[in-house]
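Here is the structure we will look at, set down as structure tokens.
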Amino acid sequence: MTDSSNAKGPLVVEGNLADNERLKRESNFLRGTIEQDLSDRVTGGFTADNFQLIRFHGMYQQDDRDIRAERTKQKLEPLHNVMLRARMPGGIIKPEQWLAIHKFATDKTMYGSIRLTTRQTFQFHGVLKPNIKLMHQTLNSIGIDSIATAGDVNRNVLCTTNPVESELHQEAYEWATKISEHLLPKTRAYAEIWLDGEKLEGPEGKETQEPILGSNYLPRKFKTTVVIPPQNDVDVHANDLNFIAIADQGKLVGFNVLVGGGLAMTHGDKSTYPRKADDLGFVPLANTLDVAAAVVTTQRDWGNRVNRKNAKTKYTLDRVGTDVFKAEVEKRAGITFEDSRPYEFTGRGDRIGWVEGFDGKHHLALFIENGRLLDYPGKALKTGVAEIAKIHKGDFRMTANQNLIVAGVALEDKAQIEKIARDHGLMDDGVSKQRKDSMACVAFPTCPLAMAEAERYLPGLVDDVERILAKHNVADESIILRVTGCPNGCGRAMLAEIGLVGKGPGKYNMHLGGNVSGTRVPKMYKENLGEQDILTEIDTLVARWAVERNTNESFGDFVIRAGIIAEVKVSKRDFHD
Amino acid sequence: MGEIVMLPEQHLKNQNTSNGGSALDASQLTQLQQATANYSSLQLAWASGYLAAKSEQGQNAQVLPAPAAVAVAKTLTILYASQTGNAKGVATQLATTATDAGITVNLKNISDYKAKSLKSESHLLIVASTNGEGEPPDDAIEFHEFLSGKKAPKLPNLRYSVLALGDSSYEFFCQTGKDFDERLKALGAEQVTPRVDCDVDYDSDSQSWSLNIIESLKEELTQTDAGLAPVYDLPVTAGAASQYNKQNPLLAEFSLSQKITGRDSAKDVRHIEIDLGESGLTYQAGDALGVWFENDKQLVAELLATLNFTGEEQVTLKVSGEDKSFNLEEALTEQLEITQTAPAFIEYWANVSGDEALLTVAADKNTAREYAANHQIVDVIAAAKADISAQDLADSLRKITPRLYSIASAQAEVEEEVHLTVGLVEYDENGQLRTGGASGYLANRLEEGQSVKVFVEHNDNFRLPANGDTPVIMIGPGTGVAPFRAFMQQRDADEAAGDNWMFFGDQTFTQDFLYQVEWQGYLKSGLLTRLDLAFSRDQAEKIYVQDRLRENAQELFAWLERGAHVYICGDMSRMAKDVEAALLEIIAEQGSLSEEQAKEYLKDLRNAKRYQKDVY
């Protein structure tokens, strides 16, 4: 059953439009006055609307929050900088591209790191204003951009990282790229501002058509994936639009289309909740782009532009009803959805280590804790990847779990690559299953939304959880554990077996009851726990699980069966219940 | 600060007919009319009494405080302390409601509000959210600190109310709002309606608080002629010369030392605040503050040890023309200069020690001067050992002299405080960290709350134009920024209409932009017309203020042609010279003048007091 089969709310929400609607409308197709701000030497930040508009160009204005108060006393503005999220559909990057981003991160960013993220791409953190144009031009010179990786648009399109089934993956990846390009803003603002591209004059210019996104763009962010079962590494239920690859005898024939997933919520606001996507049915390959556009335009026209907290596709579905939404998509795409084809998700993790693909090539998945590539004492991770890039003949694949795959290695090159990886701490046989199943968003010190630590908290937390598992003799087991610094969901804690959501410094809401394959939303178990309380709770729960569980029963399934937490079946009804 | 002569119009007309040298001329009349344009009839009546009293008492007479029944245009100040925008939204709505009710409203983000203005407020509403574990939102940290600190003024004339936004799932629910409420109450302010603490669903609670408070205040804030206003004391200029001077410095309270360069800066620059208290000591923008300092006890100990003294040796020094006895440690700490080395000391010590190397240095005046500039007394002594009596050592050293710092504040803004911008002098000498005598004293050794001996050194050669409409060009890289901060405060307080153009430079934008947020604020308010910045180390090629002057040659010359005053403050040896060369170049090029004519042009500016320098 779908979450919204009975809803019959208005198709369009009337009322005073949110201020973001004004700024998009007045932005002259995402230009705003960004160029003036770039030449303003008095502040390292962007002003007013431009602060929001640069997101549509793939950047967020951030500052070093660790020293914000200190700088206030120093009569200095916050240490403004930008974070850039690249657009890399499917997360594939070539070695020469890698070497270029490695150099930029090393020379021109405050933190020097390359951050692999849950959007299956990389981020630069800490780029000062004078280096922003240089950054885009550097990326452009190697065929990378950051158009629409943030803001109210369709963002970077994810694709299952499965180099083993090489042929199917290649097809799926190509669709991810096509969908990304098809849904991209048509405005030339990005080229004009960052690449010194020619300006198109006036409202008569060709670009004044945004045929899919519209001149006001989307009501809210929009996320798309292409997924190849049984892997659910991209976490479909965190996304607005998902194409489930359906193969027949190893050939891709079409997609089941899932719409309306999303994990963001607002603390204390019960009209917001994480929600799974609904299955609309199967479409053959030829209709893929039409369906993608139809879903986006329906959400564009029906999404709530009055209240941004209820603007995502998931709320549109719950308001108008999934059947009504589906019928509109069919009308707009000129198709009729066939019944969904059967498929099954079995897990979400990456297979760390070497695997051999059907084509005889070898692939090495490197576990990168928190996705943060930086040279640490005794573990020069960033240098290690660069050294591999210098000799690697295949490509790299960034995963939605923030890991990195060295893909397409010939048998004779395996030993050399493995040596580099081991020498730089990129391969470590001692990494536990628990650590591989744990994830955190960035949070402090750079993310302006963070309410609590995430990335800096996770490694120590995992140490403690490993000790707890060992204490109860289940050290070989693991629990999907995710920490996110705020309720917006980058760390996808709302699809974890134990999800911790930042509430305040050192305080988290603890959610329980997600499952291994990522098809169940966990429910809040305890609110506002300190770090010690979290460990106490986990210890108590793991103690019971270790003794009382059925054969092979995962932690998330156990807590529901044991009545420790209620299952969230329909988010709107059950999540806050 | 100066008193403006205020006369009601009818008095003026009467006197004007006689015109016997005592009536106002046309520009004075305009000034007066402008000054009184928005006075109410009651205020005009009061002003007439004030002036009558003044004419009877003569120029130096004390002014009587205003009678209690003066009505002033009352404003409702609404401050919001917002983290995510909720408090701002409520405050904005509240401001609209108040305005609709006919109330004059001053709505401000709490971070843009000068906390010191609190004491002149009559009505204040605060909408405050609370962060995570009970801390104030970032924007409110400073205000919160001020209100909880010892500088917070008594507020007996203030009527207020607080709306607190929070999340009851936190332990310290609405803490910031509660803090503000309690502090305002403790400072003597009167709560008009009780504080309301709102939870995440704040809409209805905040609305009813808003309606309630506006209803309560509506009557008193829309009356203009009733006698409810608080009493205001007009500022009184201290006419007579101060009793404090170099010989007789004021013992003032050292109230703040704040590093204002970022943590990754190569420099340590301090913003220093000194409280002049009830001393009556006054200064003007452009003046300098003399600071007496004590030497570092550790340095004194090192010096004593190098010469095998205990410090208990008795020495005689002339103090104010009389011989006085000190023990050596005391003399070296309080009386003698041991950080700045005189070339004469190099010569003296070379002879006493007979050290070959030092004798060579001393033989050439330039070499000796350079050596002296880079070596403190202890380093000279350590490099060339000699046997010397305590009295001989004392006699070979100069008496300590106070250091002068350009004042970085205007009293119109900071009242009884004086602010300085002090660069800590620090360098490495053979692995020893040496610090400047006075800058080390101010930056490292003095603690907040201790006393410091100061006096004002007037500088009439560095003054704002008398006419507030005259444009001003300020060139002050590094700590040369100090007097221009004072200039801006003064022009702000004067509501001077003239354009202001600041050139600032330093090493890096992120670490060394001294008083960055204040300059940003002045740009935003419109007081500062232009701000051009030169950060030498932010790019491959070095960029300095003189380069920015050249880039703006045409505009700069246009400002000069329309009467702008030009000020330079900062490093004498390089910056001031380079800037002057750039100015001459610009004048020659833009005015199509020869080099000689350009020099004439600048000389004329100097003679007209339109080109002033405070360099060191």
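When the residues of the stretch A:276-297 are filtered to those that are in contact with a Phe, Trp or Tyr (Cβ under 8 Å, 6 or more places away or on another chain) and under 19 Å from A:Tyr315 (Cβ atoms), the one that is farthest from the other protein chains (Cβ to nearest Cβ) is A:Leu280. Taking first residues from the stretch B:116-133 that are within 14 Å of another protein chain (Cβ to nearest Cβ) and partners that are exposed (fewer than 15 other Cβ atoms within 10 Å of the Cβ) and at pLDDT below 90, the Cβ contacts under 9 Å between residues at least 6 apart in sequence or on separate chains come to B:Ser129/B:Thr84; B:Glu133/B:Glu171.
Those helices (runs of 4 or more DSSP H) of the stretch B:420-537 in which 3 or more residues are touching a His at 6+ places or on another chain (Cβ under 6 Å) are absent.
There is at least one residue in the stretch B:155-176 that is at pLDDT 90 or above, under 32 Å from the mean Cα position of the chain (by Cα) and assigned to a helix (DSSP H, G or I). For A:Ile144, the conditions (1) modelled with pLDDT of 95 or more; (2) of a type in the set (Val, Ile, Thr); (3) within 17 Å of the chain's Cα centre (by Cα); (4) under 24 Å from A:Asn403 (Cβ atoms) all hold with the exception of (3). B:Val418: within 30 Å of B:Ser120 (Cα to Cα), of a type outside the set (Ser, Thr, Tyr) and at pLDDT 90 or above, yes or no? Considered against the rule, which asks whether it is within 30 Å of B:Ser120 (Cα to Cα), of a type outside the set (Ser, Thr, Tyr) and at pLDDT 90 or above, B:Val418 comes out as yes.
In the condition set (1) without any contact (Cβ under 8 Å) to a residue 40 or more places away in the chain; (2) more than 14 Å from chain B (Cβ to nearest Cβ); (3) buried (at least 19 other Cβ atoms within 10 Å of the Cβ), A:Met59 is compliant with all but (1). Looking across the stretch A:521-546, the residues that are surrounded by 22 or more Cβ atoms within 10 Å (Cβ to Cβ) and either within 14 Å of chain B (Cβ to nearest Cβ) or assigned to a loop (DSSP other than H, G, I, E, B) (or both) come down to A:Val521, A:Pro522.
Inspect all residues belonging to the stretch A:316-328 and state whether any of them is aliphatic (A, V, I, L, M), touching a residue at least 12 places away in the same chain (Cβ under 8 Å) and within 22 Å of A:Ala245 (Cβ to Cβ). No, the stretch A:316-328 contains no residue that is aliphatic (A, V, I, L, M), touching a residue at least 12 places away in the same chain (Cβ under 8 Å) and within 22 Å of A:Ala245 (Cβ to Cβ). Just one of the numbered conditions (1) in a loop (DSSP other than H, G, I, E, B); (2) surrounded by fewer than 17 Cβ atoms within 10 Å (Cβ to Cβ) is not true of A:Lys414: (1). Any residue at all in the stretch A:24-32 that is within 14 Å of another protein chain (Cβ to nearest Cβ) and within 25 Å of the chain's Cα centre (by Cα)? No, the stretch A:24-32 has no match at all. Can you say whether A:Glu344 is over 30 Å from A:Phe444 (Cα atoms), in contact with a His (Cβ under 6 Å, 6 or more places away or on another chain) and charged (D, E, K, R), as far as the supplied structure shows? Spelling it out, it is not the case that A:Glu344 is over 30 Å from A:Phe444 (Cα atoms), in contact with a His (Cβ under 6 Å, 6 or more places away or on another chain) and charged (D, E, K, R).
Say we look at the stretch A:73-96 and pick out the residues that are assigned to a loop (DSSP other than H, G, I, E, B) and over 15 Å from the mean Cα position of the chain (by Cα); which of these is nearest to A:Leu184 (Cα to Cα)? Per the stated criteria, the residue is A:Lys94. Any idea which of A:Val570, A:Val542 is in contact (Cβ under 8 Å) with a residue 60 or more places away in the chain and under 27 Å from the mean Cα position of the chain (by Cα)? After ruling out the rest, the residue left standing is A:Val570.
Restricting B:Gln507, B:Gln520, B:Gln490 to those that are more than 10 Å from every other protein chain (Cβ to nearest Cβ), of a type outside the set (Gly, Ala, Ser) and either within 21 Å of B:Asp112 (Cβ to Cβ) or in contact with a helix residue (DSSP H, G or I) (Cβ under 7 Å, 6 or more places away or on another chain) (or both) reduces the list to B:Gln490. Report yes if B:Phe180 is within 27 Å of B:Gln207 (Cβ to Cβ), within 12 Å of chain A (Cβ to nearest Cβ) and either surrounded by fewer than 21 Cβ atoms within 10 Å (Cβ to Cβ) or not basic (Lys, Arg) (or both), otherwise no. It is false that B:Phe180 is within 27 Å of B:Gln207 (Cβ to Cβ), within 12 Å of chain A (Cβ to nearest Cβ) and either surrounded by fewer than 21 Cβ atoms within 10 Å (Cβ to Cβ) or not basic (Lys, Arg) (or both).
Report yes if B:Leu165 is closer than 25 Å to A:Leu449 by Cβ, aliphatic (A, V, I, L, M) and crowded, with 22+ Cβ neighbours inside 10 Å, otherwise no. For B:Leu165, the condition - closer than 25 Å to A:Leu449 by Cβ, aliphatic (A, V, I, L, M) and crowded, with 22+ Cβ neighbours inside 10 Å - is met.
B:Phe143 satisfies every condition listed in (1) away from every other protein chain (no Cβ under 14 Å); (2) over 30 Å from A:Glu527 (Cα atoms); (3) buried (at least 20 other Cβ atoms within 10 Å of the Cβ) except (1).
Residue count for the stretch A:247-300, restricted to those that are of a type in the set (Phe, Trp, Tyr) and in a strand (DSSP E or B): 2. The set of residues in the stretch A:33-56 being within 14 Å of chain B (Cβ to nearest Cβ), basic (Lys, Arg) and under 27 Å from the mean Cα position of the chain (by Cα) is empty.
The values are calculated or read from the model by the stated rules, or taken from the named source; none is laboratory data. All of these numbers come straight from a predicted model, not from anything done at the bench. Heads up, the Cβs are rebuilt from the backbone with ideal geometry, glycines too, and the neighbour counts pull from every protein chain shown.
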